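In what follows, a structure is listed as structure tokens, so that the remarks can point back to it.
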Number of protein chains: 2
Amino acid sequence: MLFGDRLAAAVRETGVPLCVGLDPHLARLPAALRAGFAGRSGRAGRAAAAAAVADWGAAVVAACAAARVPAVKPQLAFYEQLGAAGMEALEDTVAAARAAGLLVVADAKRGDIASTAAAYAAALLDPDGPLGADALTLSPYMGLDTLEPYLPVCRAAGRGLFVLVRTTNPGSAAIQAAGAPALARRVAEGLEAIGADTIGESGFSAVGAVVGASAAAEAGALRAAMPHAWFLVPGVGEQGGGLAEGLAGARADGLGALVVQARSATFPSAANAEYDESWPGWLRTRISHLANDMRAHHSVSAAGGAGLR
Amino acid sequence: MLFGDRLAAAVRETGVPLCVGLDPHLARLPAALRAGFAGRSGRAGRAAAAAAVADWGAAVVAACAAARVPAVKPQLAFYEQLGAAGMEALEDTVAAARAAGLLVVADAKRGDIASTAAAYAAALLDPDGPLGADALTLSPYMGLDTLEPYLPVCRAAGRGLFVLVRTTNPGSAAIQAAGAPALARRVAEGLEAIGADTIGESGFSAVGAVVGASAAAEAGALRAAMPHAWFLVPGVGEQGGGLAEGLAGARADGLGALVVQARSATFPSAANAEYDESWPGWLRTRISHLANDMRAHHSVSAAGGAGLR
């Protein structure tokens with residue numbers, strides 16, 4: 001099945017367009033896990049921290065599966081900072097998530113010339129590679145020709161891409177909103193063309209876009225430019241956006257925006273004894289609340305009808 | 001010492017502005033190394049391939065040191081495709097290169113929001129991190145604010161950045177040359193401002209730019225926009241550019257352009273029995289020829305005077 005259809009089916013089945021981000025900030029792990037690597041440094045310290053991150057990832061994945069969340073998004077930087085041991089933790093977390101039926105978006109934001117892009121596709125998306133994620137975030141700065149090496153594995157193995165279009169950080173507008181038409185708009189039109197032969201029965205292609213929630217005012221125009229793209233929407237929760245902003249780019253039937261919650265889904269906003277002492281339970285409760293709250297505000301029927309309640 | 005000065009000193013000392021790229025395409029490794037992993041797959045196959053890549057990397061590093069090449073540039077995608085074992089091979093290669101006195105540019109082209117950028121800085125540049133490279137390539141699409149988290153380690157540990165400005169691939173112009181002024185020009189001006197407080201005695205800052213050799217016609221204007229930036233110049237050799245194009249962005253005294261040769265420095269262009277049978281010697285000869293050829297055409301004096309002969 002093509003990726004656009006896989007994601008549409010997962011959102012319909014679970015009833016919630018939520019993607020929980022895994023950003024394992026070491027200082028924000030629960031105290032019980034931090035004790036495993038506190039005060040240790042060097043390769044041994046990284047290995048101990050990676051073991052804690054793997055335990056934490058397993059718990060987040062279990063909480064997502066229990067809450068019927070359709071997708072998770074590990075942010076690779078937090079694993080890479082732990083070296084080879086971190087990559088093993090990432091491989092374990094991705095394998096656990098896929099085994100639990102979750103779709104995995106590897107948040108890597110790679111972007112390079114063709115011969116290098118083929119190696120990234122093997123590294124991150126290929127089912128026979130070390131990670132085998134379901135989808136991958138990419139950067140378009142080097143040109144849209146750099147996306148082409150990823151398309152064979154998208155077609156052959158139901159994999160997908162989310163290409164940076166419009167992000168949420170303070171300096172993004174100076175690059176992405178510049179020009180007439182704006183760069184983001186031109187990238188969007190290019191992605192629509194590249195994804196054209198990967199459109200499934202759901203009407204979604206394998207070539208999606210990262211469109212941050214703070215760009216809600218532009219979301220309608222970007223949806224018009226990319227009618228077949230899934231939007232991956234960061235910027236809700238700790239980055240400040242609300243659910244309505246997150247869903248602003250959805251299609252008329254309510255599908256098409258997959259809202260990311262990362263730190264807000266997995267860490268308390270302040271010191272929290274329950275979190276430090278019984279963190280797997282805290283994660284289950286938090287993620288279940290987030291998913292149910294989103295279900296209460298945004299309906300996605302199994303038959304395909306959907307919309308903001 | 002600040003990175004701009006470190007690189008200037010290395011180029012003056014070795015007399016050649018060359019950076020050898022390590023792009024370990026598995027199919028292009030010498031036959032003796034390919035025999036170590038041929039026909040194997042899965043995790044064991046990746047571990048065997050990573051061992052071959054580490055052996056190859058050690059030989060490339062030794063050849064660069066023998067030829068007095070100042071810098072190497074491992075392309076991370078080729079290591080990532082081998083999973084955790086690949087990251088160990090990369091760590092070993094970077095450590096060997098730094099031990100041999102070479103500057104290491106980690107070619108990662110990362111780019112993400114601040115909290116994630118800090119994790120990438122820890123992963124790739126921090127001397128206490130797993131890799132501890134001397135410099136890192138980054139992508140500016142998400143905005144120049146995303147570069148700031150890298151600056152503390154640049155200042156504290158003499159690390160540097162090379163940010164994508166103008167690349168060499170066919171689709172690059174549609175993004176980078178679009179707008180008036182062109183996006184590449186606006187990024188260049190932003191990089192000059194960000195690097196302003198990292199300028200050393202050489203006149204170079206810690207914030208450099210990737211400017212491909214096929215953009216030679218634009219190199220003068222980009223040099224004017226970024227008078228204090230080191231240019232990292234891919235696109236010479238197998239990608240088609242010549243040495244004069246590669247050096248087009250150099251400062252009037254001949255410093256400022258670090259020319260990358262990757263596949264052309266490390267692989268034969270066609271089947272080659274000598275390469276397959278005695279590849280460490282083949283690498284030494286090839287890289288020595290490349291470096292001496294560049295020395296013959298471009299003079300860099302120890303006193304700082306330099307220029308195309």
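The values are calculated or read from the model by the stated rules, or taken from the named source; none is laboratory data. Nothing here was measured: the structure is a model prediction, and the numbers come from that model. Cβ sites come from the backbone with ideal geometry, for glycine too, and all protein chains shown count toward neighbours.
Checked against the criterion of being more than 14 Å from chain A (Cβ to nearest Cβ), out of contact with any strand residue (DSSP E or B) (no Cβ under 7 Å at 6 or more places or on another chain) and surrounded by fewer than 24 Cβ atoms within 10 Å (Cβ to Cβ), the candidates B:A10, B:A27, B:A54, B:A38 yield just one match: B:A38. When we screen B:A271, B:A225 for residues that are of a type in the set (A, V, I, L, M) and touching a residue at least 12 places away in the same chain (Cβ under 8 Å), the only hit is B:A225. Go through segment B:83-98 residue by residue and tally those that are more than 7 Å from chain A (Cβ to nearest Cβ), out of contact with any strand residue (DSSP E or B) (no Cβ under 9 Å at 6 or more places or on another chain) and farther than 12 Å from B:G57 by Cβ. Adding up the residues that qualify gives 1. Taking segment B:122-204 and the helices (runs of 4 or more DSSP H) fully enclosed by it, no element has 1 or more residues that are modelled with pLDDT under 95, away from chain A (no Cβ under 11 Å) and over 23 Å from A:D112 (Cβ atoms). The set of residues in segment A:220-242 being more than 17 Å from A:A10 (Cα to Cα), crowded, with 20+ Cβ neighbours inside 10 Å and hydrophobic (A, V, I, L, M, F, W, C) consists of A:L222, A:A225, A:M226, A:V236. For segment A:102-121, which positions are in a loop (DSSP other than H, G, I, E, B) and touching a residue at least 40 places away in the same chain (Cβ under 8 Å)? Matches in segment A:102-121: A:L102 only. In the set A:G246, A:G235, A:G208, A:G212, only one residue is within 16 Å of the chain's Cα centre (by Cα) and either of a type in the set (S, T, N, Q) or at pLDDT below 90 (or both); that residue is A:G235. Considering only residues in segment B:57-82 that are more than 8 Å from every other protein chain (Cβ to nearest Cβ) and charged (D, E, K, R), the one that is nearest to the chain's Cα centre (by Cα) turns out to be B:K73.
Scanning segment A:256-289 for residues that are out of contact with any helix residue (DSSP H, G or I) (no Cβ under 6 Å at 6 or more places or on another chain) and of a type in the set (A, V, I, L, M, F, W, C) yields A:A257, A:L258, A:V260, A:A262, A:A270, A:A271, A:A273, A:W279.
Suppose we keep only residues that are aliphatic (A, V, I, L, M) and crowded, with 24+ Cβ neighbours inside 10 Å within segment B:64-82. Which one would you say is farthest from B:V11 (Cα to Cα)? Per the stated criteria, the residue is B:L82.
Helices (runs of 4 or more DSSP H) fully within segment B:1-71 that include at least 3 residues being in contact with a helix residue (DSSP H, G or I) (Cβ under 7 Å, 6 or more places away or on another chain) and closer than 25 Å to B:A271 by Cα: B:31-34, B:42-66.
Confirm whether B:R286 is in contact with a His (Cβ under 9 Å, 6 or more places away or on another chain) and under 26 Å from B:V61 (Cβ atoms). The answer is no for B:R286.
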